[in-house]
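Report on one structure; see the data block that follows.
Computed from the coordinates by the stated procedures, all read-outs in this text should not be read as laboratory data. All figures in this text were calculated on a predicted structure; none of them were measured in a lab.
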Amino acid sequence: MSDYDLVVALGRMLSGSGLSVSCAESCTGGGVAQAFTAVPGSSQWFGYGWVTYANAAKMTQLGVSESVLMADGAVSRSVAQQMAEGARRASGSDWALATTGIAGPGGGGVTKPVGTVWFAWAGPQGVEAECQVFSGSREQVRAQAVTAALAGLHQRLQQTTV
């Protein structure tokens, strides 16, 4: 399923349930928001998106803890979770998703290689996070991360709206 088709399905699920979504992005640089807004009528269920590439933006815009950033790094479960929770809180949306990772070509290490992306989805039942490691060029990693973020939201919506 293409990102566009996935977002169309998400839009149907969200609007059909009267729900809304927001996003907080780092490594995807607005790719999730772009995917959402590519679909006509998305303003019915998507209203807020943040690109918080710098740590300072994560802290000031989303309320990510400086101590968590220092202890765990920007590419971590805890930061992704705080980004998603912050976006949900700031927007008043029912759901929020977050992405933070290392798209490359540099910046990776032994424990966090290039292609590492943490995702978080905050919803009415709490926040979930997962990590995936993608391969390919910077653009390919970012595109795969957008798709994974959308698919993760779709999966969670199916579980809660069925």
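Observations on the structure shown:
- Once C-alpha pairs closer than 8 Å and six or more residues apart are averaged by separation and normalised to the residue number of region 3-161, the relative contact order reads 24 percent.
- Difference of contour (0.36 nm per residue) and Cα-Cα distance, Q140 to H154: 2.9 nm
- Compared with the dominant principal axis of the Cα atoms in the chain, helix 3-17 is inclined by about 50°.
- Euclidean distance between Cα centres, region 1-37 to region 82-150, Å: 14 Å
- With Cα atoms, 0 to 90° folded angle of helix 77-91 axis to the chain main axis: 40 degrees
- Of all DSSP beta bridges confined to the chain, the antiparallel ones make up roughly 60%.
- Summarising the amide proton neighbourhood of S22: residues at separation of 5 or more, or on other chains, whose placed amide H is nearer than 5 Å comprise W95, A96, L97.
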